[in-house]
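Enquirer: Let me give you the structure first, and then I'll get to my questions.
The values are calculated or read from the model by the stated rules, or taken from the named source; none is laboratory data. In this text, all values refer to a predicted model and were calculated from it rather than measured experimentally. Backbone-built Cβ (ideal geometry, glycine too); neighbour counts: all protein chains shown.
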There are 2 protein chains.
Amino acid sequence: MDIFSALADPKRRQLIEALWLHGPLSIKQLSEGAGISRQAITKHLDILIKAKIVSAEFAGKERLHRLNPKPIERVALWLQPFAEQWDERLSRLKHYLGEDHE
Amino acid sequence: MDIFSALADPKRRQLIEALWLHGPLSIKQLSEGAGISRQAITKHLDILIKAKIVSAEFAGKERLHRLNPKPIERVALWLQPFAEQWDERLSRLKHYLGEDHE
DNA sequence: TTGACATGCAACCATATGGTTGCATATTGT
DNA sequence: ACAATATGCAACCATATGGTTGCATGTCAA
């Protein structure tokens with residue numbers, strides 16, 4: 001499962017948002033009010049973990065999950081050449097770069 | 001089919017890259033050397049069109065396709081809060097700017 | 001008009017995907 | 001030790017997905 005596919009499912013994006021908003025969370029916590037079963041959430045989390053978007057560590061009987069921004073970064077970098085307002089963004093950054101690096 | 005799912009397939013990302021590199025292209029042209037049938041390419045293009053990532057217009061018997069950056073931009077915007085490492089991004093931009101704009 | 005070419009349409013197929021349910025296992029507090 | 005809690009594992013199911021093939025349609029050039 002690659003990163004793009006991992007991001008394709010709305011439930012998984014929802015999980016990403018939840019982890020971004022409310023620190024490290026367990027499977028149970030992420031399941032509450034998600035509208036699908038705990039096992040389904042586990043599957044989604046496993047996919048996110050395989051895609052390295054989420055990392056998990058055990059704390060007793062809980063599995064705590066947190067975001068790993070790197071792979072998302074890579075997706076963003078792939079998108080950039082195709083995204084519009086690229087020029088506008090470039091010119092904005094051009095100013096910054098001009099100050100800092102040129 | 002939403003934008004994220006449209007971007008999930010590697011063949012479709014390949015099509016996006018091809019359209020970005022070599023202007024408006026027909027189905028035939030996009031099929032050459034793609035490794036799958038013309039009909040499969042058509043299906044992928046239809047998905048990209050439904051996601052508004054690609055627009056198509058007829059020129060005689062050919063259907064010409066071009067990129068529409070807006071939806072890709074929206075995806076990029078969704079990703080931004082989760083993607084950190086702006087510094088790395090900046091250094092890439094510096095390179096880009098150095099080549100094309102400075 | 002006729003033939004070549006680009007595309008459209010539809011049926012079909014194998015596998016992936018997203019979900020469920022049922023039961024097993026491990027950890028914690030009393 | 002025991003019960004409650006959090007998770008793991010596996011079978012199962014319906015539908016989506018990505019591909020194929022075969023044939024029909026529309027357009028252009030000779």
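Enquirer: Quick check on A:Leu79: is it in contact with a helix residue (DSSP H, G or I) (Cβ under 7 Å, 6 or more places away or on another chain) and within 15 Å of A:Gln14 (Cβ to Cβ)?
Expert: On the way: in contact with a helix residue (DSSP H, G or I) (Cβ under 7 Å, 6 or more places away or on another chain): yes; within 15 Å of A:Gln14 (Cβ to Cβ): no.
The answer is no for A:Leu79.
Enquirer: Same structure, new question: Of the residues that sit in the stretch B:65-102 and are facing another protein chain (nearest Cβ under 8 Å) and over 16 Å from A:Ala76 (Cα atoms), which one is modelled with the highest pLDDT? Steps first, answer last, please.
Expert: Step one: filter the stretch B:65-102 for residues facing another protein chain (nearest Cβ under 8 Å), giving B:67, B:69-70, B:72-73, B:75-76, B:78-85, B:88-90, B:92-94, B:96-97, B:101-102.
Filter once more, so that each one left must be over 16 Å from A:Ala76 (Cα atoms): B:67, B:94, B:97, B:101-102.
Values: B:Leu67: 96, B:Lys94: 49, B:Leu97: 49, B:His101: 38, B:Glu102: 32.
So, considering only residues that are facing another protein chain (nearest Cβ under 8 Å) and over 16 Å from A:Ala76 (Cα atoms), the one modelled with the highest pLDDT is B:Leu67.
Enquirer: In the stretch A:56-75, what residues are of a type outside the set (D, E, K, R) and either assigned to a loop (DSSP other than H, G, I, E, B) or surrounded by 14 or more Cβ atoms within 10 Å (Cβ to Cβ) (or both)? Spell out the reasoning first.
Expert: Start the filter on the stretch A:56-75 by keeping residues that are of a type outside the set (D, E, K, R), which leaves A:56, A:58-60, A:64-65, A:67-69, A:71-72, A:75.
Residues satisfying the conditions are A:Ala56, A:Gly60, A:Leu64, A:His65, A:Leu67, A:Asn68, A:Pro69, A:Pro71, A:Ile72, A:Val75.
Enquirer: Consider only pairs whose beta carbons are under 9 Å apart and that are at least six residues apart or on different chains; among these, list those whose first residue lies in the stretch A:2-15 and is more than 7 Å from chain B (Cβ to nearest Cβ) and over 21 Å from B:Ile47 (Cα atoms) and whose second residue is of a type in the set (D, E, K, R) and part of a helix (DSSP H, G or I).
Expert: none
Enquirer: Still on this structure: Please tell me if B:Leu48 is under 12 Å from the mean Cα position of the chain (by Cα), surrounded by 14 or more Cβ atoms within 10 Å (Cβ to Cβ) and either assigned to a helix (DSSP H, G or I) or in contact (Cβ under 8 Å) with a residue 24 or more places away in the chain (or both). Full working, then the answer.
Expert: Working: under 12 Å from the mean Cα position of the chain (by Cα): yes; surrounded by 14 or more Cβ atoms within 10 Å (Cβ to Cβ): yes; either assigned to a helix (DSSP H, G or I) or in contact (Cβ under 8 Å) with a residue 24 or more places away in the chain (or both): yes.
Here the answer is yes, as B:Leu48 does meet what is asked.
Enquirer: Give the residues of the stretch B:16-42 that are within 15 Å of DNA strand D (Cβ to nearest atom), free of Cβ contacts under 8 Å to residues at least 24 places away in the same chain and in a loop (DSSP other than H, G, I, E, B), sorted by residue number.
Expert: B:Glu32, B:Gly33, B:Ala34, B:Gly35, B:Ser37
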